[in-house]
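Step one of this worksheet: look at the structure below.
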Amino acid sequence: MLAGVANAQAWATIPRFVLATVSLAGLAWTVSLATEQLAERYGPGVTGLLQSTLGNLPELFVVIFALQAGELVVAQTAIVGSILANGLLVLGLVLVIGARRSPGGLMHFSSRLPKDTATLLQATVFIVVLLGVSLATHDFASRHVQTISAVGAVCLLVVYFSWLVRYVRSDGAPGAGERPSPRLSLSTTVSLLLVAAVASAFVSQWFINALHPALTQLHLSAAFAGIVIVAIAGNAVENYTALVMARRRRPDLAISVVKNSVAQIAAFLFPLLVLISFTLNHRLTFALAPVYIGALLLTTLALDQITGDGEAYEFEGWALVALYVVVATFAYFE
């Protein structure tokens, strides 16, 4: 509410920006509570999917408003940053906390979702890398980036939904006695999620309105805003929920929240926004700066290596966190 007042009354830039950022992050508690209640009724797969879908709504609105405002770099790096922040920073911290809370310091979880996520992420990175090579070599295909991006977006959406149907059908609800009874009714839980979803649209617009002036005053680049600020604030829901679930020794749900978010951003949100951008004044494509192409490719390999076997030690979590810090440092100097 205060962020809305600050935006409407045109408060000073930095306070407006801080309030909008805090408001984005503040939606985390509401969604986390509702997600935990859903987990008492459904399996970790469905719960993680629903939570990630609603948790990624701020990201959807932030990118759309950024494109409308002509902030193309922010829009592109926000998507890339969300994949990197969730796949490296958040997942790394989940593995650190999960390993510390697990017997013998080894966190165990189902390997199915990590492997599926790696496949979906590889499909997206395949398109990104090919476009990057095409643009770097100036071949004939490089003249048709928008068309190639549109075709790639449709293909990714088909792949994502074909995976989604099988994934949801194979996820079972927890058996009797395995979970405590929900404290909130289903109607109350759904209402909380809907309120958070609607609020995210307003807060995202307030965030974008304050973003450019704040970056100018703070002497930060648009790339850093997308890779770090927007990525972390816009995905605060997943960040908070996954860490809480890891601390409560619910590794499958914690991994499901993070991995569903990474898969959804890469193979659903990114291509969806590419198609949506054709209705706006500024186009979003899969053509990225070389450093971020490399970051996505290496992140895909690291995720497959560390989580593909369904277990992780604490140092592997710290390794993912370290990779994100390095990428953030690159973005800072952009």
Would you please classify the overall shape of the stretch 210-267 from the alpha carbon gyration tensor, given that a ≥ b ≥ c denote the square roots of the eigenvalues, rounded means a/c under 1.5, and beyond that prolate means a/b larger than b/c while oblate covers the rest? prolate
Given a Förster distance of 41 Å, report the FRET efficiency between residue 301 and residue 216 from their Cβ-Cβ distance, rounded to the nearest 0.05. 0.65
When only alpha-carbon atoms count, how far does the stretch 210-334 stretch along each of its three principal axes, as whole angstroms with the largest first? 45, 32, 27
√(5λ) per eigenvalue of the Cα gyration tensor, the stretch 47-133, largest first, Å: 29, 17, 12
Of 141-152, 83-94, 297-308, ordering from highest average Cβ density within 10 Å down gives 83-94, 297-308, 141-152
Alpha-carbon centroids, the stretch 256-334 and the stretch 231-255: separation in whole Å: 17 Å
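Laboratory data are not the source of any read-out in this text; all were calculated from the coordinates shown. Computed from a prediction, not measured in an experiment: that's the story for all the values here. Every residue, glycine as well, gets a Cβ built from its backbone with ideal geometry; the counts of neighbours run over all protein chains shown.
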